[in-house]
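Structure record follows, encoded as structure tokens.
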Amino acid sequence: MRKIILFLMLFLVNYMIMAQKKELTADEKQVIIYKGTERPFTGKYYDFKAKGTYVCKQCGTPLYRSEDKFDSRCGWPSFDDEISGAVKRVPDADGRRTEIVCAHCGAHLGHVFMGEGFTPKNTRHCVNSISMEFVPAEELKIDTAIFAGGCFWGVEYYMKKAPGVLAVESGYIGGKVEDPSYEEVCEGNTGHVEAVRVLFDISKTDYETLAKLFFEIHDPTQKDHQGPDYGEQYRSEIFYNSPEQKAVAEKLIQELKVKGYAVVTRLAPATTFWVAEDYHQNYYTRKGTLPYCHGYTRRF
């Protein structure tokens, strides 16, 4: 599965494990430092189904979301996706497997396997339970927003500069084809839109603040295009994750209409978000250029 090479999560809020290396037990060192493997079917997270986030045992960096966990019956916790920039892949010396480590502190997590067909994402992160800690959903002060407003390069560029934003990933959502490629989306036959998924710290910002920014970094009155980019994949759309997010979006759209803006932004419940190819991630920062079809215009 294509992965993001993005900026790492910083130290995440009071309820999370402090993002500094902590003293490990002998068993933890054997796996985390010396790259050992715990016995199959013995780890505490193998048959574990609570909602929340798995973080690195050594440094506390968020690694995996519970919604990406699945049962592969291999004997270890399995995930088909990771949190943006949290996991680094390192080819084993023998070239047979690919090791996965915490991108922040280098702690050994396990190995990643491709093409097994367990889930549509066709990826299995096989992780040692002992390499992780679990933080229940109600204890995490993070949330996710999904916005589509033209080429995802520009939306990502401005969103990741917003205070409280932890990570932004470009991808595709809203279509009928599993794991679409950029070329397929551009053909306009999949129904997908270019979008960004924003992970943010709710102790530092909120959904309404980010939604307002979304309406101010693209033109919500342009239907199925943004600037010089034309096509349904460039439509303006908000994919909400809860009734509360939907209500906020509806309120802001109404405010803009009262101000005289003919808003065409659609609203839809969030579905599967497919992470885009690596070369789309952090595009303008890597290229050292500025967005050509996005800019900031104050509307609120």
*Order the following by accessible area, largest value first: Asp179, Asp47. Probe radius 1.4 Å; ligands, DNA and RNA are ignored.*
Asp47, Asp179
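Stretched out fully, how many nm does the piece from Glu208 to Tyr34 gain, at 0.36 nm a residue minus the Cα gap? Working shown, then result.
On the way: separation 174, 0.36 × 174 = 62.64 nm, distance 4.52 nm.
Gain on stretching Glu208 to Tyr34: 58.1 nm.
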*For segment 119-133, Karplus couplings with θ = phi - 60° (6.51, -1.76, 1.60), whole Hz, Gly/Pro x*: 9, x, 6, 6, 9, 10, 7, 9, 10, 6, 4, 5, 7, 10, 10
*asked:* Report the Rg/Rh value for segment 182-252, based on alpha-carbon coordinates and the Kirkwood definition of Rh.
replied: 1.00
*asked:* Quick check: from the Cα gyration tensor, does segment 115-248 come out rounded (a/c under 1.5), prolate or oblate?
replied: oblate
*Using alpha-carbon coordinates, inclination of helix 207-217 to the longest axis of the chain, degrees*: 50
_Integer Hz, Karplus 6.51/-1.76/1.60 couplings in order for segment 256-265, x for Gly and Pro_ = 5, 5, 4, 6, x, 7, 8, 5, 10, 4
*Can you give the charge dipole size of the chain about its Cα centre, rounded to the nearest 20 debye, using +1 on the beta carbon of Lys and Arg and -1 on the beta carbon of Asp and Glu?*
580
*For the residue pair Val264 and Arg89, what label-to-label distance in nm results when each label sits 7 Å from Cα along the Cα-to-beta-carbon direction?*
3.8
*Taking amide H positions as placed in the peptide plane 1.01 Å from N, state which residues far from Arg266 in sequence (5 or more) or on other chains have amide H under 5 Å from it.*
Ser236, Glu237, Ile238
_Considering only protein heavy atoms and a probe of 1.4 Å, how much of the accessible area of the chain is carbon and sulfur, as a whole percent?_
51
*Mind giving me the nanometre distance, one decimal, between the label points for Asp27 and Val177, set 7 Å out from Cα along Cα→Cβ?*
4.8
*Given N residues in segment 24-130, what is Rg(Cα) / (2.2 N^0.38 Å)?*
0.98
*Using mean projected area of the Cα convex hull in nm² as the read-out, say which of (1) 14.6; (2) 15.9; (3) 16.9 was calculated from these coordinates.*
(2)
_Could you derive backbone 3J(HN,Hα) for segment 151-166 from the dihedral phi with the Karplus parameters 6.51, -1.76 and 1.60 (θ = phi - 60°), listing whole Hz in sequence and x where the residue is Gly or Pro?_
3, 5, 4, x, 4, 4, 4, 7, 5, 6, 8, 6, x, x, 7, 9
_So if I average 1/r over every pair of distinct C-alpha atoms in segment 186-299 and take the inverse, what Kirkwood radius in Å does that give?_
15.4
_As an exercise, use a Förster radius of 41 Å and the Cβ-Cβ distance of Glu244 and Thr98 to find the FRET efficiency, rounded to the nearest 0.05._
0.55
*Amide H within-cut-off set for Ala167, under 5 Å, with H built and near neighbours excluded*: Leu199
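Residues of the chain: accessible area per residue at 1.4 Å, in Å²?
Values: 13640 Å² over 300 residues.
Dividing the accessible area of the chain by its residue count gives 45 Å².
The values are calculated or read from the model by the stated rules, or taken from the named source; none is laboratory data. A quick note: this is a predicted structure, and the numbers were derived from the prediction, not measured. Cβ atoms come from the backbone with ideal geometry, glycine included; neighbour counts cover every protein chain shown. Just the protein is used for accessible areas: all its heavy atoms, side chains included, with ligands, DNA and RNA removed. Shrake-Rupley method; radii C 1.70, N 1.55, O 1.52, S 1.80 Å.
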